[in-house]
Every structure is written in C-alpha cells, then in structure tokens.
Amino acid sequence: MKLHPSISKDEIVLPQAFPMVISESKGVTPTFQRLHWHTALEINYIQKGSGYYLINGNRYEFQQGDLVLIHSNDLHRAFEAEELVMSIVMFDPGFLALEQRYAPELLLPFRETGNRFDNVLDRDNPMHGCVVSMLSGMEEEYARKEPYFEVVVRAQLIQFLALVNRYFSKNDTIKAQHARGMDVIRAVLHQMEEDISYPWTLGELAEGAHLSSSRFSSLFTQVVGTSPMDYLIQLRLSQAAHLLEATDKKIIEVAEECGFRNLSNFNRLFKQHVGKLPSELRT
C-alpha cells in the first residue's frame, strides 16, 4: 500500500495493551473533512443520515445501515449530506497478527478493497444484517467494559472479518485509480500545504501538474471532492483554526500567515466554513 509523504499522517492513539478504539461521531469533524490517512484499519457503521466518502480518488455514497471499510494509508475524506451519526472502529493492523498465522487472508477485506471487496459493503447481501449485528454487539461490549471485554471484542472482530471474507468477496475486480493521476494530485497537495500563504492561482497549480487548467481542475475535483481553489481555502482555514487555538498570535497575523490578505474576507470565510468568527473560536 502506497504511503502519502506529502500529506501529514493522522496520529491515531491506540492503547498499547489493547490497540483498538470504538467511538461515535455526529457529523463530520473538521479533521475528517480534509484528505487524510492513518495506519490504523477503520470500520464505519452509518447509524443515521447519509453522505459520501472519497477514498483514493473514488467516490462512495453511503446511507443509514451501511458499513464502510478503510485500509491503512488510504487517502480519504468524508462528506455529510444530512444528520450523519456513525460508529467508528479503529484498530492496529498488527492486532490480529496471531490469527493471520492460521488465516492469512483474514484482513483481505481491507487489503483488497476496490478489487475483491468494496469499500462500502453490499447492503443487498443476505448476510449484511448479520455482520451489522455483530459490529453492534462489539460496540456494546466495548462500551460496557465488563471483565474480559477485550477477549470478547477481539473474538467478535475476528468473526466479523471471517464472515466478510466468506460472503462479501467479489468474483470480478474493479480497475484501480490510475496511479499517475493520484501522484499528480498528491504533489499538488504537497505544494499547497508547504506554502499555504502563497497566492496560488489555478493556472500555476495546473502548470505544476503539467496539465491544462480544465483537465487539472477536473482531476483534482474527482480525487479531492472540491475544486482546487475551494480546497485551498479549506486548507488555509483549517490551519488558521489550529493557530487560533494553539498560539497567542493576533487574528490579523494568523490571517496573513494563512494566506488571507483581507481581514474582513478572512472573517467572512471563517464564519461560513467553521460556524464561528475567529474571535469566537479563540474565546
């Protein structure tokens, strides 16, 4: 699986003794609105609402009841359509190393997403309700944390993956995203993140990718989910929010450092995307 050195890895903190975390998310937090990747394996269960994921440049719609699998180092980004609530299971790939000694294909649903398995499991599969029920049981056991819950949760996860392997594997394969196109977009994202204060134009970004502006814009939107300039604004606002919370820099200094030459424009965009004015976030 290819890494993305141009995009900072999200550090998912998993307990050393039991490297697995099950949580619930309401909506899509700013952290997951941007393209990101991590080494943890991830399972999402959509409890309510709808939206879509962009995973390695491919778009996957999801709705209530869906299960989404995300492999280590997958470049992904979530979008909420309405009232999204989802359960999130994250665990270290090495968590089931012992089981893979006897069942080496146990993690194939992650390793072969886009080929033998879909990122969003087929909701029309007769076994879909069964694996959803197993995941819900895993979440309940983890939340109660009764004696030996680690053993029970681990066993449930193994059974979940075994049934996904058994019943959700596909006979045909889906053609993978063209590697060069992904590399081009990763390089552009690296340019943006390395110098977000620079007044980038669409023409400059397209020229760096050796593509026409229209072709570059189309490819970027396919992979990232928004236009290059919209994503640049989101990237700048994300950095600005971080600086407002983590430093004592003046708001006008934060705006300039993040590429906003006009304070009123910065305030307007920040309010539009974050939901608060910069001064309100700092307070």
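The values are calculated or read from the model by the stated rules, or taken from the named source; none is laboratory data. It should be emphasised that the depicted structure is a prediction, and the values quoted were computed from it without experimental measurement. Methodologically, a virtual Cβ is constructed for each residue, glycine included, from the backbone with ideal geometry; neighbour enumeration extends over all protein chains shown. Areas reflect the complete protein model, heavy atoms only, side chains present, ligands, DNA and RNA absent. Shrake-Rupley method; radii C 1.70, N 1.55, O 1.52, S 1.80 Å.
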- Task: Can you give me the three principal axis dimensions of segment 163-273 from its C-alpha atoms, in Å, biggest first?
- Result: 58, 39, 22
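Ranked highest first by the average count of other Cβ atoms within 10 Å around their residues, in what order do 57-64, 271-278, 184-191 fall? Before the final figure, lay out each step's value.
Working: 57-64: 16.5, 271-278: 15.0, 184-191: 18.9.
Per-residue mean Cβ counts within 10 Å order the peptides as 184-191, 57-64, 271-278.
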- Multiply the residue gap between GLU61 and GLU83 by 0.36 nm, knock off their C-alpha separation, and tell me the result in nm, one decimal place. 6.4 nm
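Restricting things to alpha carbons, find the Rg to Rh ratio for segment 96-222 using the Kirkwood radius for Rh.
1.17
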- Note on the structure: For the chain, the charge dipole (Cβ of Lys, Arg +1; Cβ of Asp, Glu -1; about the Cα centre) points to a positive end, and the Cα of ASN119, LEU84, SER212 closest to that extreme belongs to SER212
- For the chain, compute the number of Lys pairs whose alpha carbons are separated by less than 28 Å, excluding pairs fewer than 8 positions apart on the same chain. 19
- By how many degrees, 0 to 90 and rounded to 10, does the Cα axis of helix 228-246 deviate from the longest principal axis of the chain? 90
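Applying a 10 Å radius around every beta-carbon, put 103-116, 135-148 in order of their mean neighbour count, most first.
103-116, 135-148
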- Heavy-atom accessible area per residue, the chain, 1.4 Å probe: how many Å²? 51
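By per-residue mean of other Cβ atoms within 10 Å, what is the highest-first order of 40-47, 249-256, 216-223? If you can, show how the numbers build up before the last one.
On the way: 40-47: 21.4, 249-256: 16.1, 216-223: 19.1.
My ranking of the peptides, most packed first, is 40-47, 216-223, 249-256.
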- Message: At 1.002 mPa s and 20 °C, plugging the Kirkwood radius over alpha-carbon pairs of the chain into Stokes-Einstein gives what diffusion coefficient in µm²/s?
- Response: 104
- Proximal charge balance of THR247 [Cβ under 15 Å; K/R count +1, D/E count -1]: -2
- Message: Using 0.36 nm times the number of residues separating VAL152 and ARG101, minus their current alpha carbon distance, what extension gain do you get?
- Response: 16.4 nm
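Given a Förster distance of 35 angstrom, what is the FRET efficiency for SER197 paired with ASN115, based on the Cβ-Cβ distance and rounded to 0.05?
Working: r = 41 Å, r/R0 = 1.16.
Here the calculated transfer efficiency is 0.30.
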- For segment 130-283, which whole-number percentage of the solvent-accessible area (1.4 Å probe, protein heavy atoms only) is attributable to carbon and sulfur atoms? 52
- Item | For the chain, with +1 on Lys and Arg beta carbons and -1 on Asp and Glu, the positive-most of VAL152, PRO15, PHE62 along the dipole | PHE62
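How large is the charge dipole for the chain, taken about the Cα centre, if only the Cβ atoms of Lys, Arg (+1) and Asp, Glu (-1) carry charge, to the nearest 20 debye?
Working: 28 positive and 36 negative charges, 68 e Å.
In debye, rounded to 20, the chain gives about 320.
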- Item | For segment 227-283, size of Cβ-based charge dipole, Lys and Arg +1, Asp and Glu -1, in debye | 160
